[in-house]
Amino acid sequence: MIFFETLRDLVRLLDTRGRLIALVLVGMLALSGALEIAGLFFLFGYLASLGGATGSISSGFVNGIYEAAAGGLEGAPFALAAGAVLVAVFLAKNTLWLLSTFALLRFSMKRYEYVSGAIFDGYQEMPLELMRARGTNEPEQVISSVLTVFQIGFTPLLQAAADIAVILAMLVALTIVVDFNLVIGSGVVLGTTALVFLSLTRRLSHSLGQRLTDARLNLSIVVGEALRGLLDVRLAGRQDVMQRRFGEVAGEFALADRRIGALELIPRALNELVLATGIVMAAAWFATGEGGLAGALPTLAVLGFAGLRITAATARLTQLLQLIRQAKPPRDRMMAAIERAAPQILSDKKHDQTERETYRAEDLPLPEGASPTLSNEVSVKDVTFTYPGAQEAALKSISVPVKAGEFVALCGPSGGGKSTLSLVMMGLLKPQSGVVECDGWDIHRHISAWHRQIGHVGQTPFIIPRTLRENVALGLPPQEIDDDTVWKALEQAALGDFFRESEKGLDTVLGEQGALLSGGQRQRVAIARALYHDPAVLVFDEATAALDTATEREISRAISELTGEKTIIAIAHRLTTIENADTIHLVERGEITASGTYNQLSKNPVFGALAGKEPVP
């Protein structure tokens, strides 16, 4: 049953303290619901007391309370004194309901923060090869679905548990003043009606929930495609195609949401119809008994009023169960993601040997006496690396020495392994065999220390729609950014003069993906970012491949000026950018097939073809 499946997953996400809090919250909600029936008794007791000529009240617990509060009073004084008791009961009931409901929402959203944060952190820590296999869509979809799971899955689950307790409490309380058989019979009829409805709509509800989830995802995909490819769409005149796609997906979303809304409305109407029928049958039954119908009117009034409350609770319970069903697809996706990215938060994994996959699994402090800054050599020794699921190794027993202060370049045909080699050298991919060392210590065993020495510039720089200051010092809060260091990095990237002359300087907002900058300026911002933390090693991954010749020359000059001061590793698409490299390694089919200076390699036919000097034989 979906209720118990969802409960199982929620329990897995709670520690002992969390489970205790959840039980207390459900108890508080159940108690506030049980006070509904108390309010019913006090309301009818108050109305009955007002019918007395002298304000006298018949026996009973409720009557005793009214007598204690207003005994001896008549008329308006009696009404006010007894009414104060009634108001106090309703105030206590509603205050408890508000507090328990707020506490439930707070508990649910706090747990959402924890779970979504753990998944987010898990994806950030996941080894790069596993992240690349999944792409960015899966993490984005999973993290966005966590809120949905808590809003229409776990929170309704706790509310449903409370409603079940409330309904049972009301039925028990009604047996005090109403015939036992009548109460139990009514409860059975209402319960059976709800169960039949849920059974008949189970597949439809699950299907609509899946359609709603898929439609929500497809909406984001269509919007993303249309807006990211806006220029190509306009030039091709495909706006109508995109509009049609959006309309189809939006229509699917609206249809699923509309039908889900209808399913949520039906239970209340159905239960009220059952209640009305039940009251009519009860009235007929009372009319044949002792005292006749007139004597049964107070009981019928209580039954009718309480029946409305129970009917509302039953309808709400049915709606909550429908919501829980709709949350199943994103809940399954979320739990599967937690198993991969954040298994440590699952209560049934805490005493297991299972650990989350993280690229820092072996991270240790540097050995005593080891320098945290490269001073001698980075050595790639007999490294072999194979991507998950690949049939052939991307790197095959490669060895590369890089002296401190050298300018080393990697070139070769596409797919030859040069980018993979650079990722291994940066410690972003861990080889299956071999080792990468910095001055003798294994970078993967001290990965945090190694990453503090690395500055990276990719082919497509990542620019956030924030200020220049925040882009250069990416990830740091504005108050922690040192402006002098930002300006120094910009000067080294040959971009300082441009922004010193701009009106806002470091406060210049760069726009989405650097829309307000030229291609060369975006690359220079990326270079400045790589330089901000004063790394010992700079890695340029085809950093000029997408630039025009003049801009490429300027960027190459900026890179060359850093030679000697920094250790530079460059992956080259255009070989003109590495003419001044101390050593160039030709990487083909996962192996280094030649090494030397630009002039030495110019006689190599493959290198010559890459340089555009002669065809590959």
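Could you point to the label whose value was computed as Cα Rg over 2.2 N^0.38 Å for the structure here, given (i) 1.41; (ii) 1.07; (iii) 1.62?
(i)
Going by amide H atoms built from the backbone, whose H comes under 5 Å of the H on Ile584, apart from near neighbours?
Ala409, Gly596, Thr597
What pairs in Lys396/Lys430; Lys566/Lys603; Lys381/Lys403; Lys381/Lys430; Lys403/Lys566; Lys381/Lys566 have C-alpha atoms more than 20 Å from each other?
Listed pairs above 20 Å: Lys566/Lys603; Lys381/Lys566.
Could you give the semi-axes, largest first, of the ellipsoid that matches region 14-170, computed as the square roots of 5 times the alpha carbon gyration tensor eigenvalues and rounded to whole Å?
One finds semi-axes of 53, 12, 11 Å for region 14-170.
If we count every other residue with Cβ under 15 angstrom of Leu510's Cβ, Lys/Arg +1 and Asp/Glu -1, where does the sum land?
So the environment of Leu510 carries a net charge of +2.
Working out 0.36 nm times the residue gap between Ser602 and Ala92, then minus their Cα-Cα distance, what length gain in nm do you get to one decimal?
Here the answer is 174.8 nm.
Charges at C-beta only: +1 for Lys and Arg, -1 for Asp and Glu. How large is the resulting dipole of the chain about its Cα centre, in Debye rounded to 20?
Once rounded to the nearest 20, the dipole reads 1640 debye.
Taking 0.36 nm per intervening residue step and subtracting the Cα-Cα distance, what contour gain separates Ala609 from Thr460 on full extension?
Full extension of this stretch gives 51.1 nm more.
Arrange the following residues from fewest to most other Cβ atoms within 10 Å of their Cβ: Asp534, Asp497.
Ordered from fewest to most neighbouring Cβ atoms within 10 Å, Asp534, Asp497 come out as Asp497, Asp534.
Alpha carbons only, please: Rg and Dmax for region 456-611, in angstrom.
Every Cα atom of region 456-611 included, Rg and Dmax give 16.8, 54 Å.
Using only helices, what value at 222 nm comes out for the chain when you add -39,500 (n - 2.57) per DSSP H run of length 4 or more and divide by the total residues, to the nearest 500 deg cm²/dmol?
Result for the chain, helices only: -20500 deg cm²/dmol.
Going 7 Å from the Cα of Lys110 in the Cα-to-Cβ direction, what parts of region 1-24 have a backbone nitrogen less than 15 Å from that spot?
In region 1-24, the label zone of Lys110 (backbone N under 15 Å from the point 7 Å along Cα→Cβ) covers 14-24.
Could you order peptides 525-532, 334-341, 244-251 by the average number of other Cβ atoms within 10 Å of their residues, highest first?
525-532, 334-341, 244-251
Using DSSP, restrict attention to beta bridges with both residues in the chain and report what percent are antiparallel, rounded to the nearest 5.
Once the DSSP bridges in the chain are tallied, antiparallel ones form about 50 percent.
What are the ³J(HN,Hα) values, in whole Hz, obtained from phi via the Karplus relation 6.51 cos²θ - 1.76 cosθ + 1.60 with θ = phi - 60°, for each residue of region 93-103 in sequence order, with x given for Gly and Pro?
Rounded to whole hertz, the list is 4, 6, 5, 5, 5, 5, 5, 5, 5, 4, 4.
Under the rule of at least 5 residues apart or a separate chain, name every residue whose amide H is placed under 5 Å from the amide H of Val539.
Gly455, His456, Val457, Ile569
I need the shape label for region 393-450. Rule: rounded when a/c is under 1.5, else prolate if a/b > b/c, else oblate, with a, b, c from the alpha carbon gyration tensor.
oblate
Arranged by the count of other C-beta atoms within 10 angstrom, fewest first, what order do Lys430, Lys488, Lys110, Lys566 take?
So the residues, fewest neighbours to most, are Lys110, Lys488, Lys430, Lys566.
Label-point separation (nm) for Phe102 and Glu480, each offset 7 Å from Cα along Cα-to-Cβ?
3.4 nm
Residues of region 489-515 with backbone nitrogen within less than 19 Å of a virtual label 7 Å along the Cα-to-Cβ line of Arg557, please, listed as ranges.
Answer for region 489-515: 489-501.
What distance in nm lies between label points placed 7 Å from Cα along the C-beta direction at Ala236 and Arg202?
The answer from the label model is 4.6 nm.
Packing-wise, with mean Cβ within 10 Å as the measure, how do 115-122, 474-481 rank, highest first?
115-122, 474-481
Just want to confirm a number: the relative contact order over region 377-610, from Cα pairs under 8 angstrom separated by 6+ residues, in percent.
The normalised contact order for region 377-610 reaches 28 percent.
Give, as a single signed number, the net charge of other residues whose beta carbon lies under 14 Å from the beta carbon of Ala404, with Lys and Arg counted +1 and Asp and Glu -1.
Residues close to Ala404 contribute a combined charge of -4.
Got the relative contact order for the chain handy, in percent, Cα pairs under 8 Å and 6 or more residues apart?
Relative contact order, the chain: 14 percent.
Specify which residue in the list Ile152, Ala370, Gly505 is farthest towards the positive end of the charge dipole of the chain, using unit charges on the beta carbon of Lys, Arg (+1) and Asp, Glu (-1), about the Cα centre.
Comparing the listed Cα positions along the dipole, Ile152 ranks first.
Can you tell me the order of 436-443, 511-518, 311-318 when each peptide is scored by its average per-residue count of other Cβ atoms within 10 angstrom, highest first?
With the highest mean Cβ count within 10 Å placed first, the list reads 311-318, 436-443, 511-518.
Coordinate-derived values only; no laboratory data. What you are looking at is a predicted structure, and each value in this text was computed from that prediction instead of being measured. Note: ideal-geometry Cβ built from the backbone for every residue, glycine included; neighbour counts use all protein chains shown.
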